[in-house]
Amino acid sequence: MQEWKEFRLNDPGMGPYHRAGLAGLTASLVMLGKWNALPAALDSFEYDEQKLSMSGFQPTAESLHSLLQAVYRLNDDGLFDFPVLESWGPFQKAELQKLYLGSFLQHPSARKAEGKQKEKNSPLDEKKLEYSYLPLRDFIHRDQATCQRIAEAVAKQKSMDIAGWALPGGIVKHNAVQETGLKESPEKFFLLLFAPLGCLFFQGHAGLSNGERDKRTQTLVAVPRPRQLRSFVDLLLRFYERTGSERASGKVPLIRVQGVKEAALQAAMLLHLQNTPKLRRLSCDFTVVRFGTVSWSAQQKTRTALFSSTCLSEETVQKYQIAHDKLHRAGKGTHFVYCPFLGQIADNLVLGNDEWYRGISTYMTDERRKSMIYWQRRLGELVQEKMIWKEQSRREFVGLMHSAIRNRFGKVSNEAKHAGGDLSTFFKREYERMRQLFVNCRTQEKFRENLMDFVTRTRPSVPADSTRSENELLLLACEADWREGKDLSLLALASYRGKETEKYLDQGEE
């Protein structure tokens, strides 16, 4: 049987999953070589920016199985023990295993698992960190039957049918017309087996306008499209090593994202911004796949969204990092708590919209407004970041509105004290009035009328660092798209943080 000697990154037919698979295979071989644990079926390997070369590897069922077993190791407890996860602790491996089961291995036929979850704990700061996972005995990416199929296809020089576990979405589109299925050469199919190792996985957590959790957003997989193999493999290995050293103990909570565009930005940030002091050019873009449940198929995870990023810029990723750093905090246990508006900010940035605040009026209108109040201080800090603004006049207008809101709360405080009423009731009622004042703007005329009435009654002061007068800032807001002015006004209310909101509006932790 002829050897498989070379896999090139830019060969015809190399899609995102094939490229991710080539990177995942190469990274795994690097780790196995580091341990002097290369399978006997492989004499040696080397790689550069464009290709992976292997010596002595023949695609027999035995050779394939020995390589896959070495790359996709499982420990005695049925937990992932992959070479690339060398620095990861059992808790982090268990969380990754859940994400695999929610994406590539979501169908029961793709894995051999035990009947129930296994409960475990690991030490964490003199306490026990409890976690659970579904133990695996085997799964389709590494089992003997898959290797036998590949070996037979090589011997017969035939293409192979692609299933959803190898290429999400790559299924027969119509059972009555089998020609609607996808096929692949054995060499390309082989690369698809390693695609999960080259991907970044995120737990999805998004809210609907009615306040309920979006079940369509449960697992997100960022599939890289690297331009150079060696450079990306180096980034990937550093990501695995850093992630393990930071989170193996459970001290650093797990990362959640709210949508496919945020997953692309989060992946770019993790792979690039934390590896180089200055981001120059992203070494890859991403195809992001979202998995979740839908009403007509609640029993299994379905591919519910797909997004491909193109030419993510340094500025876009850095702006997202600023927003991300401000709008999340460590929650209870092992997860971060995120501002519900962060996902919309990511959408705006990825789509090239420098007005990152667009759409906040929707969040201040529906049920999500109830959780926005917990993020006033952090939103206020984000507003003060000059780098995230393209037009500083917009930031200065928000500062002007902060002054107006402060003056209005001051007047309400005096009214409450004079009437002997409850300050909390007065402040909550006034906050709702201001929210309704701008939420109910449906036309440009109505927005201008409400804005001018509000500033006339509150007599705000221009921010100290502003180079424009009050009239200039108001004129800019009135002449711009009224929807943008509405968003800026509600952003000011959502980001205002004073003693009134701190003492009388907060209801505790989100």
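The values are calculated or read from the model by the stated rules, or taken from the named source; none is laboratory data. Since this is a predicted model, take the numbers as computed values, not measurements. Ideal geometry is used to build each Cβ from the backbone, glycine not excepted, and the neighbour counts take in all protein chains shown. We work out accessible area using only protein heavy atoms, side chains counted, and drop any ligands, DNA or RNA first. Shrake-Rupley method; radii C 1.70, N 1.55, O 1.52, S 1.80 Å.
Data for the structure
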item	result
Accessible surface, 1.4 Å probe, highest first, among residues ARG73, ARG459, ARG213, ARG368	ARG459, ARG213, ARG73, ARG368
Rounded accessible area per residue of the chain, 1.4 Å, Å²	45
Which of ILE140, ILE345 is most accessible, then next, and so on - probe 1.4 Å	ILE140, ILE345
With all protein chains modelled, accessible area of GLU130 [1.4 Å, Å²]	150
Computed helical MRE - 222 nm, the chain, DSSP H runs ≥ 4 contributing -39500 (n - 2.57), nearest 500	-13000 deg cm²/dmol
Solvent accessible area, Å² - TRP88, 1.4 Å probe, full protein context	30
Cα→Cβ-extended label distance, 7 Å offset, between SER308 and ASP11, nm	2.1
Largest to smallest accessible area among ASP347, ASP366 [probe 1.4 Å]	ASP347, ASP366
DSSP-defined beta bridges in the chain - what % are antiparallel, rounded to 5	95
With DNA, RNA and ligands ignored, accessible area of TRP389 (1.4 Å probe; Å², nearest 10)	10
Difference of contour (0.36 nm per residue) and Cα-Cα distance, ASP138 to ALA464	110.9 nm
Calculated from backbone phi, Karplus (6.51, -1.76, 1.60) coupling profile of the stretch 40-51 in Hz, x at Gly/Pro	4, 6, 10, 6, 6, 8, 8, 8, 9, 5, 10, 8
Cα centroid separation, the stretch 130-157 to the stretch 348-383 (Å)	45
Using alpha-carbon coordinates, inclination of helix 144-156 to the longest axis of the chain, degrees	60
In Hz, Karplus ³J(HN,Hα) per residue of the stretch 292-297 (6.51, -1.76, 1.60; θ = phi - 60°; x = Gly, Pro)	x, 10, 10, 4, 8, 8
Gain in span if fully extended, ASP453 to SER424, counting 0.36 nm per residue against the direct Cα distance	8.0 nm
